[in-house]
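Everything on this sheet refers to the single structure shown next.
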Amino acid sequence: MFGVAEIMEMRLVLGLTGSIAIYKACELLRLFKKENVQIIPVMTPDSKRFISPLLVESLSQNKVYSDMFDESGGGFYHIMLSRGADLILIAPATANTIAKIAAGLADNLLTSIVLASDCPVLIAPAMNVKMLENLITQRNIKRLSEMERISFVMPESGELACGDTGQGRLADIDDIFDASMFYLCKEKFLRGKRVLVTAGPTREFMDPVRFLSNPSSGKMGYELARVAYWLGADVRLVSGPTNIKPPYGVRVENIISADDMKKAMLDSREEYDLLLMSAAISDWMFEKRSDQKIKRGCEKLQVDLRENPDILSLASKSGRFKYIVGFAAESENVVENAISKIGKKGIDAIVVNDISRSDIGFGNDYNEGKIIFSDGSIQNIDKMRKRDMAFRILSELAKRLGWKKI
Ligand SMILES: Cc1cc2nc3c(=O)[nH]c(=O)nc-3n(C[C@H](O)[C@H](O)[C@H](O)COP(=O)(O)O)c2cc1C
């Protein structure tokens with residue numbers, strides 16, 4: 001088993017209520033399964049009118065609990081299931097269930113579990129815009145938000161299933177998932193740490209429509225930022241152009257060129273415990289950038305390239321980063337080149353992967369590589385999902401730096 005599940009068991013009570021958005025919870029189940037989260041599904045009686053417990057049972061690979069008076073549980077399911085849970089997630093949460101929890105009611109298995117538990121509760125409401133805007137619902141949400149262990153992932157605005165338009169649509173599934181993983185990853189060895197991650201390619205424009213770039217997808221950096229957030233860090237991500245949705249809980253700043261990247265990283269006075277420089281920054285820029293689109297018609301076009309500043313070296317000299325990790329995509333002499341880079345750039349470690357392989361690296365969901373430290377020690381990382389590799393890199397660095405699990 002790779003990734004977060006390698007070192008921590010994650011136990012989730014997933015409450016499903018009678019909202020039309022319940023079908024989206026099926027995707028959520030799939031995401032949790034991929035991270036090896038143990039899911040205990042609890043369906044309200046009305047939710048079973050929308051989807052069959054069989055579907056939830058199959059996707060969660062666990063028994064669905066619904067009846068508080070089911071005698072096979074000895075009559076204490078609400079107590080038994082509330083123990084040992086790392087998180088109770090209610091997604092989707094109806095106005096009715098939110099109102100019951102706010103009033104302290106315990107008239108079904110899900111509301112009873114919430115009342116009997118002491119773990120964090122995360123609520124993702126989904127309802128018609130008028131139901132959400134109703135002062136009664138608003139007051140219920142406000143009252144619950146004031147409680148330390150209860151938080152919300154609020155609904156989005158847009159077209160609703162009933163035909164109305166407005167706020168009420170279940171929040172993005174990826175956001176609900178990331179917000180949940182923050183609670184499920186209970187061993188927070190990055191808590192209190194400030195982490196800056198860079199990701200994606202840069203673009204160096206020659207004229208308004210043409211640029212020099214590389215095939216970096218940004219996936220590795222985004223996964224590093226996402227997992228660092230799960231592990232409790234305050235994360236800032238400076239990203240070149242990618243097609244990836246910003247991870248929940250991470251401050252994202254979009255940039256285009258290497259010069260933008262340099263400014264975003266070094267013009268601010270902010271200090272960081274860790275810099276993870278996974279962006280594939282262009283080594284060169286055009287000497288001159290034309291303001292107008294360069295027209296066809298000349299058989300040969302000659303352009304001059306100028307070397308971009310070495311941002312990693314500048315970051316090292318700035319003294320604003322306590323520990324710096326570079327990332328290198330190499331095609332030959334992978335280890336030798338990495339070791340020489342560490343010395344030249346004055347950084348602490350480098351993660352290398354071999355770009356001569358098509359099954360890992362650029363654009364791929366998988367990666368394989370080595371973390372090479374300035375003292376010459378090497379940590380091999382087998383082929384695994386980039387998300388798992390992000391976890392492996394962060395836990396390895398935390399171990400080195402003596403950052404304890406809190
Ligand atoms: C087709 C249909 C869709 C519904 N969708 C929602 C919804 O998205 N959000 C909501 O709060 N209630 C919705 N309701 C109303 C709830 O199903 C109703 O309040 C129910 O009693 C909720 O029970 P529960 O909170 O115990 O699951 C819907 C009802 C129907 C018939």
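The values are calculated or read from the model by the stated rules, or taken from the named source; none is laboratory data. Note that the structure is predicted; figures quoted are calculated from it, not measured. Heads up, the Cβs are rebuilt from the backbone with ideal geometry, glycines too, and the neighbour counts pull from every protein chain shown. When the accessible area is computed, the model is the full protein with side chains, heavy atoms only, and any ligands, DNA or RNA have been set aside. Shrake-Rupley method; radii C 1.70, N 1.55, O 1.52, S 1.80 Å.
Restricting the count to DSSP beta bridges whose residues both fall in the stretch 291-406, what percent are antiparallel, rounded to a multiple of 5?
For the stretch 291-406, the DSSP antiparallel bridge percentage is about 60.
Run the accessible area of the chain with a 1.4 Å probe and give the carbon-and-sulfur part as a rounded percent. Please list the in-between numbers first.
Details: 9480 of 19300 Å².
Summing carbon and sulfur atoms, their accessible area is 49 percent of the total for the chain.
Using a cut-off of 19 Å between alpha-carbon atoms, which aspartates and glutamates can reach LYS33, once sequence neighbours fewer than 8 places away in the same chain are excluded?
Within reach: GLU6, GLU9, GLU57, ASP86, ASP172, ASP174, ASP175, ASP178, GLU223, ASP365, ASP388.
List the longest stretch of the chain that has no exposed loop site; here a site is one of the GluC sites (Glu not before Pro) assigned by DSSP to anything other than H, G, I, E or B, with at most 10 other Cβ within 10 Å. Please report the intermediate quantities before stating the final value.
Numbers: sites that count: GLU146, GLU148, GLU287, GLU299, GLU332.
Longest stretch, sites excluded: 1-145.
Rolling a 1.4 Å sphere over the protein heavy atoms, what is the accessible area per residue of the chain, to the nearest Å²?
For the chain, the solvent-accessible area averages 48 Å² per residue.
Antiparallel versus total DSSP beta bridges in the chain: what percent is that, nearest 5?
Looking only at bridges with both residues in the chain, the antiparallel portion is about 30 percent.
List the trypsin sites (Lys or Arg not before Pro) in the stretch 242-339 that DSSP assigns to loop (not H, G, I, E or B) and whose Cβ has at most 15 other Cβ atoms within 10 Å. Which are they?
Values: sites: ARG251, LYS262, LYS263, ARG269, LYS288, ARG289, LYS293, LYS295, ARG296, LYS300, ARG306, LYS317, ARG320, LYS322; in loops: ARG269, LYS288, ARG289, LYS293, LYS295, ARG296, LYS300, ARG320, LYS322.
The qualifying sites are ARG269, LYS288, ARG289, LYS293, LYS295, ARG296, LYS300, LYS322.
So what's the back-of-envelope 222 nm ellipticity for the chain, counting only DSSP H runs of four-plus at -39500 (n - 2.57) apiece and dividing by all residues, rounded to 500?
When only DSSP H runs of four or more count, the value is -9000 deg cm²/dmol.
What does DSSP give for the stretch 8-184 in terms of the percent of beta bridges that are antiparallel, rounded to the nearest 5?
In the stretch 8-184, DSSP labels about 20 percent of beta bridges as antiparallel.
Report, to the nearest 10°, how far helix 386-401 tilts away from the longest principal axis of the Cα atoms in the chain, using its own Cα long axis and a range of 0 to 90°.
Roughly 80 degrees, rounded to the nearest 10.
Kirkwood hydrodynamic radius (Cα pairs, Å) of the chain?
Averaging 1/r across every pair of different Cα atoms and inverting gives 23.5 Å.
Measure up LYS262/LYS399; LYS48/LYS100; LYS34/LYS383; LYS219/LYS345; LYS370/LYS399 against 21 Å on the Cα-Cα distance and list the ones that go over.
Exceeds cut-off: LYS262/LYS399; LYS219/LYS345.
Return the ratio Rg/(2.2 N^0.38 Å) for the stretch 239-335, where Rg is computed over Cα atoms only.
Computed over Cα atoms of the stretch 239-335, the ratio equals 1.35.
Quote the relative contact order of the chain in percent (integer), defining contacts as alpha-carbon pairs under 8 Å separated by 6+ residues.
12
Give the value in nm², to one decimal: projected area of the alpha carbon convex hull of the stretch 8-184, averaged over all directions.
With the hull built on Cα positions only, its mean projection is 9.3 nm².
Can you tell me, using C-alpha contacts under 8 Å and at least 6 residues apart, the relative contact order of the stretch 8-184 as a whole percent? Please list the in-between numbers first.
Values: 353 pairs, mean separation 40.8, N = 177.
Dividing the mean separation by the residue count of the stretch 8-184 yields 23 percent.
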